[in-house]
1. In square angstrom, rounded to the nearest 10, how much accessible surface does Glu27 have for a 1.4 Å probe?
2. Rounded to whole Å and ordered largest first, report the semi-axes of the equivalent ellipsoid of the chain derived from its Cα gyration tensor (root of 5λ).
3. I'd like the accessible area for Tyr42, computed on protein heavy atoms only with a 1.4 Å probe and all protein chains in place. Round to 10 Å², please.
4. Measure off 7 Å from each Cα along the Cα-to-Cβ vector at Ala70 and Leu11, then give the distance between these two points in nanometres to one decimal.
5. Can you give the angle from 0 to 90° between the axis of helix 21-31 and the longest principal axis of the chain, with both taken from C-alpha atoms, to the nearest 10?
6. Return the carbon/sulfur percentage of the accessible area of the chain, one whole number, probe 1.4 Å, all protein chains in place.
7. Helix 2-13 versus the longest principal axis of the chain: what angle, 0 to 90°, nearest 10, using Cα atoms?
8. Could you give me the ³J(HN,Hα) list for region 43-53, computed from phi with Karplus coefficients 6.51, -1.76, 1.60 and θ = phi - 60°, whole Hz, x at Gly and Pro?
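The values are calculated or read from the model by the stated rules, or taken from the named source; none is laboratory data. For clarity, every value in this text was computed on a predicted model and none was experimentally measured. For neighbour counting, all protein chains shown are included, and Cβ atoms are generated from backbone atoms with ideal geometry for every residue, glycine included. Remember, those area values only see protein heavy atoms, side chains included, never the ligands or the DNA or RNA. Shrake-Rupley method; radii C 1.70, N 1.55, O 1.52, S 1.80 Å.
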Amino acid sequence: MEHLAKIISDLRATLPKRNDYARRTVELLAAEGKNFSKQQVYNVLSGRYLNTDVAEAFISVVETERKRIAALGARATKAAAA
């Protein structure tokens, strides 16, 4: 489990400094009926402790955001070539 906490912490460190991933993680968890505060999410993201529900939701948020950025880049390239 410590290994997973380290991976989550390292993943968070690769993100831009100002982002709303914690808020989106809280919202995703709330949509699943799980109540967590932003502070609890930050504690997981910083590696202070591990909660698999929070870790899974955070990874989902990051994957979705990276797909969105890749799609936006592809659209921008296509628009610039037109």
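1. 90
2. Largest first, the chain gives 28, 14, 10 Å.
3. Looks like 100 Å² after rounding.
4. Between Ala70 and Leu11, the simple spin-label model gives 1.5 nm.
5. Long axis of 21-31 versus the principal axis of the chain: about 70 degrees.
6. C and S atoms contribute 55 percent here.
7. Between helix and principal axis, roughly 40 degrees.
8. For region 43-53, the Karplus-derived couplings read 4, 5, 5, 7, x, 5, 8, 10, 10, 5, 4 Hz, x marking Gly and Pro.
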